[in-house]
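To keep things clear, I will list the structure first and then write my remarks on it.
The values are calculated or read from the model by the stated rules, or taken from the named source; none is laboratory data. For clarity, every value in this text was computed on a predicted model and none was experimentally measured. So basically every Cβ, Gly included, is an ideal-geometry build from the backbone, and we count neighbours across all protein chains shown. The protein model used for the area step is the full one, side chains on, heavy atoms only, and it has no ligands, DNA or RNA in it. Shrake-Rupley method; radii C 1.70, N 1.55, O 1.52, S 1.80 Å.
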Amino acid sequence: MRKNHAHAGNEPKSKSVVKTIINPSIVAWLCIGIYIAAIGFSGFRLYIDVKERRNVAEQEFFNLVNISTSEGAQGFMTEVFKEKILDALGTSKTLQGAILSAEPAGNYTFERFKGETVNWSGDVPHFKAQFGISKKPFIESVQIANMRNVYISAVYNMIDYNRILTILKYTLFVITATFGIACLTLILQFFPAQTAYPPMVKSSSKTKPSAPYVPQEPEESPVKDKPSAPEDPFFSSGPTAPPPSAEEVQGLLGKHLGEESATRDRLASELHRCAFFEQDMVFMIMALESTQPDTVYPLITDEAVRFFILPDLIFEKNPWGIALILPDVNLDQGLAKSGEFHQQVLDKHPEFSQDHGNLYIGMSSRAGRFITAERLMLEASQALEKAREDASAPIVAFKSDPEKYRAFMASQNTKQP
């Protein structure tokens, strides 16, 4: 009688009793520690940023005081004086508004954005109470010849929203990754670790190994009229899907564009971000004029999406137009990009672009200005109208004069009693 003996030292554990090496308790405590550390670090960074921002605001305020003193000696409340104060506010990173009190000459206000920082109670100005704006303003006397009791006060923005957003993004990323690890650990508890191979049993040296078992293939029962498999590997017995209609294609292309109503808010957000990082930005409007705009417009939108590759920065502009936001691009670069795109459209689709008059482009840029979204959209629209007036020059850029713009803002932001 033949026997098989298993060697105890060579017999692995059965896969039904092998347990996972991951301890869920350790993972749970590790995740909790990471959560607490991430939240605590974020709070600490926010606290440090607020303190650093106050120090920056204090330095910028005393710089404003020095400018007021030096320019006041040349002429109090002249156009040059006003322009210097507004320029100091505009270039500062924190200051939002200032009030200059000069008895008995009166009170004067200066704001980064008109109407957002200062209110008037009769002839007396005061700062608005707003979230994120310092409750206690800086105040300092200004020494001006032949004048007494001249004081300047200013408030600043305590919160850097872009910085907060960056910190919160990193915190959310760490928390999400940790949560993923916790979920993976929980799932692994339902799938115990298994050996790669089934248990092996070795035969005793005193016995002959049994002959290997060779399974016999069962006889195949005959099947009548059995169709042969097609030789074409791409053969498909299912029905062929019909090609998409023109309306479906236009709908798919339209999904690449944002709604026109969202253009202003996104432009304002990008202006704020570019101003913080001291970057330029171009806002561009394209207008199509064609005898068959419903056929041509999807082609233009598809070309624009493929050429500019700006997710969430391309919007519809009715009728038959496109609005684009190009961050970190100056006016010369915007002109070069738009000219290259215009030529590409002409070369690729000669069937509907017989001349340069079919597609008009107008644009304007931030150009280092603290400008509103409405103003930038107005300038681009004016440039587009100029392009439409002359078909030989279908691309027009609105070039601003920084000196005239600052003078204009000074006249808008200064109010005398």
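Side notes on the structure shown:
- Selection from segment 313-348 of residues that are aromatic (F, W, Y) and in contact with a strand residue (DSSP E or B) (Cβ under 7 Å, 6 or more places away or on another chain): F315, W320
- Scanning segment 315-343 for residues that are open to solvent by 30 Å² or more (accessible area, probe 1.4 Å) and not in a helix (DSSP H, G or I) returns E316, K317, N318, P319, W320, P327, D328, N330.
- Residue in segment 104-120 that is farthest from A154 (Cα to Cα), counting only those that are in contact (Cβ under 8 Å) with a residue 24 or more places away in the chain, open to solvent by less than 60 Å² (accessible area, probe 1.4 Å) and assigned to a loop (DSSP other than H, G, I, E, B): A105
- When D123 is tested against (1) open to solvent by 80 Å² or more (accessible area, probe 1.4 Å); (2) modelled with pLDDT of 85 or more, just one condition goes unmet, and that condition is (2).
- Of all residues in segment 67-103, none satisfies the criterion of being at pLDDT below 85, open to solvent by less than 10 Å² (accessible area, probe 1.4 Å) and assigned to a loop (DSSP other than H, G, I, E, B).
Every residue, every condition in (1) without any contact (Cβ under 8 Å) to a residue 40 or more places away in the chain; (2) not aliphatic (A, V, I, L, M), yes or no:
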{"position": "E316", "(1), (2)": "no, yes"}
{"position": "H349", "(1), (2)": "no, yes"}
{"position": "L359", "(1), (2)": "no, no"}
{"position": "A391", "(1), (2)": "yes, no"}
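- Set S101, S42: member being touching a residue at least 24 places away in the same chain (Cβ under 8 Å), closer than 29 Å to C274 by Cβ and among the small types (G, A, S): S42
- Condition broken by G132, with the remaining ones in (1) open to solvent by 20 Å² or more (accessible area, probe 1.4 Å); (2) on the phi > 0 side of the Ramachandran plot satisfied: (1)
The rows are residues; the columns are (1) of a type in the set (A, V, I, L, M); (2) under 32 Å from the mean Cα position of the chain (by Cα).
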| residue | (1), (2) |
| --- | --- |
| K136 | no, no |
| E140 | no, no |
| A145 | yes, no |
| Y151 | no, no |
| Y156 | no, yes |
| I159 | yes, yes |
| N162 | no, yes |
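- Verdict on Y35 being more than 20 Å from N157 (Cα to Cα), within 36 Å of the chain's Cα centre (by Cα) and open to solvent by less than 70 Å² (accessible area, probe 1.4 Å): yes
- Hits in segment 382-406 (condition: open to solvent by less than 60 Å² (accessible area, probe 1.4 Å) and either assigned to a loop (DSSP other than H, G, I, E, B) or modelled with pLDDT of 95 or more (or both)): A391, A393, P394, S400
- All of G122, G115 fail the test of being under 27 Å from H272 (Cα atoms) and of a type in the set (G, A, S), apart from G115.
- Of all residues in segment 269-306, those being loosely packed, with under 14 Cβ neighbours inside 10 Å, hydrophobic (A, V, I, L, M, F, W, C) and in a helix (DSSP H, G or I) number 1.
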